[in-house]
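Asks: One structure, pasted below without further comment.
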Amino acid sequence: MPVGTAFHERTLALCESLNYREWSGYYTVSVYEMHHEHEYNAIRNSAALIDISPLFKYRVTGRDATKFVNRVISRDINKVAVDQVIYCCWCDPEGKVIDDGTITRLGENEYRWTAADPSLRWFQQNALSLDVKIEDISEQTAALALQGPTAGKLLHAAADANITNLKYFRVTRGKIAGVPVDISRTGYTGDLGFEVWMPWRDAVKVWDALMAKGKAFDIHPAGMIAYDCVGHRANRSGTDLNRSGLHLKQEGAHRVAEIFSGRDRAWEAGGLEEGNFCRARGTGTAIKKRRGTHTRRAGDKLERSRGALRQAEDGAAGAEHGLAHRRARVSRLEAARHTVSAKVVPLPFFNPPRKTAVPVL
């Protein structure tokens, strides 16, 4: 049965919809209100606070820590400076992706490693004969994603840290409400954003401080539905990556989004509303407007319709063979293919200059 994260007492009080999902054994808010519109708009127009504590988090230290990281991932960690963050994948012996995540180089031989799925066993198997210590700190470290155009100004007001000159995919240290935190300029939304890493026991203090200071910046808590929506538009593959079973190409992890995008999301969930899109390798197709009522995965819908019809027909046949008391209702379900106007555009679809601009404010 799932349990609450370090922020559960705060998120539960704010979650009017009581719409939760399970993420790695934790209750995670799907949407705070009855619809995710306000949360999505907060990420794109002001600031949103998102609980990402269920991520698996590992601390890697020891004389051979750097050698171990290089043994596991598809990128060269020797090119990564201290206080720099990278996104990367790790593969099985056949070169197929196991999972993806971020690695923060906290010291010469110290790393914080995040993953969508549990990876400790795989790490330990690859650490044989190396002088390295791998700790699962998932239940000791809480994390918040603070994302949106006003996120930098909010952190500047709330945190005792050097936010103004923090570069993209770099990390700094400071305090929020007296709690020591790491602040990385990272995120899943494709917009200006930060992730705040803090001790689990003091997490509520950080939440309260950010929400209090954030009122002036129109902050909203946001759930996973809005978070996923903005991630898709920013061409983030996310946790679906490790399910692809495809080979990682030799050019490295910077091509991962292109290699794996579009395989399982031919059409984005929710239909082809204006602004939605489908993705192909290296490019995207921007949908202009909606036509028809059965455009989303028409082939899949047709197959499901046929299956439903067969079940209904089987029920009717049973009634004819002495099961008249069981009434079967036969319905004909149809799906039709339609065309929409579109144009091929470079990925990502959403890539504002503020995402990487320095200074932040």
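Asks: Kindly indicate whether Leu55 is farther than 24 Å from Thr150 by Cα and among the aliphatic types (A, V, I, L, M).
Replies: yes
Asks: Can you list residue pairs whose Cβ atoms sit under 6 Å apart, with the first residue in segment 208-221 being at positive phi and the second being modelled with pLDDT of 95 or more? Count only pairs 6 or more apart in sequence or on different chains.
Replies: Pairs that qualify, where the first residue is at positive phi and the partner is modelled with pLDDT of 95 or more, are Asp218/Ser46.
Asks: Which strands (runs of 3 or more DSSP E) sit wholly inside segment 30-104 and have at least 1 residues that are more than 16 Å from Gly223 (Cβ to Cβ), in contact with a Ser or Thr (Cβ under 8 Å, 6 or more places away or on another chain) and modelled with pLDDT under 95?
Replies: So the answer is 85-91.
Asks: Can you give me the number of residues within segment 153-212 that are of a type in the set (A, V, I, L, M) and either modelled with pLDDT under 95 or closer than 28 Å to Val80 by Cα (or both)?
Replies: Summing the residues that are of a type in the set (A, V, I, L, M) and either modelled with pLDDT under 95 or closer than 28 Å to Val80 by Cα (or both) in segment 153-212 gives 13.
Asks: Right, something else. Give the number of residues within segment 106-147 that are closer than 30 Å to Ile219 by Cβ and basic (Lys, Arg).
Replies: The qualifying residues number 1.
Asks: Six or more apart or on different chains, Cβ atoms under 6 Å: show the pairs whose first residue is in segment 84-108 and free of Cβ contacts under 8 Å to residues at least 12 places away in the same chain and whose second is surrounded by fewer than 20 Cβ atoms within 10 Å (Cβ to Cβ).
Replies: Sorted first by the residue in segment 84-108, then by its partner, the pairs are Asp92/Ile98.
Asks: Can you name the residue in segment 65-97 that is touching an Asp or Glu at 6+ places or on another chain (Cβ under 8 Å) and crowded, with 17+ Cβ neighbours inside 10 Å and is also nearest to Thr11 (Cα to Cα) among such residues?
Replies: Tyr87
Asks: Would you pick out the residues in segment 184-204 that are touching a strand residue (DSSP E or B) at 6+ places or on another chain (Cβ under 7 Å), surrounded by 19 or more Cβ atoms within 10 Å (Cβ to Cβ) and either part of a strand (DSSP E or B) or not hydroxyl-bearing (Ser, Thr, Tyr) (or both)?
Replies: Selection gives Ser184, Arg185, Gly187, Asp191, Gly193, Phe194, Glu195, Val196, Trp197, Met198, Ala203.
Asks: To continue, here is another question. Are any residues in segment 109-147 among the acidic types (Asp, Glu) and either free of Cβ contacts under 8 Å to residues at least 60 places away in the same chain or within 25 Å of His8 (Cβ to Cβ) (or both), and if so, which ones?
Replies: Glu110, Asp117, Glu135, Asp136, Glu139, listed by residue number.
Asks: Let me ask something additional. Take the residues in segment 1-29 that are assigned to a loop (DSSP other than H, G, I, E, B) and among the aliphatic types (A, V, I, L, M), then tell me which one is nearest to Ala212 (Cα to Cα).
Replies: Ala6
The values are calculated or read from the model by the stated rules, or taken from the named source; none is laboratory data. Worth saying up front: this structure is predicted, and the values here are computed from it rather than measured. Using ideal geometry, Cβ is built from the backbone for each residue, glycine included, and neighbour counts are taken over all protein chains shown.
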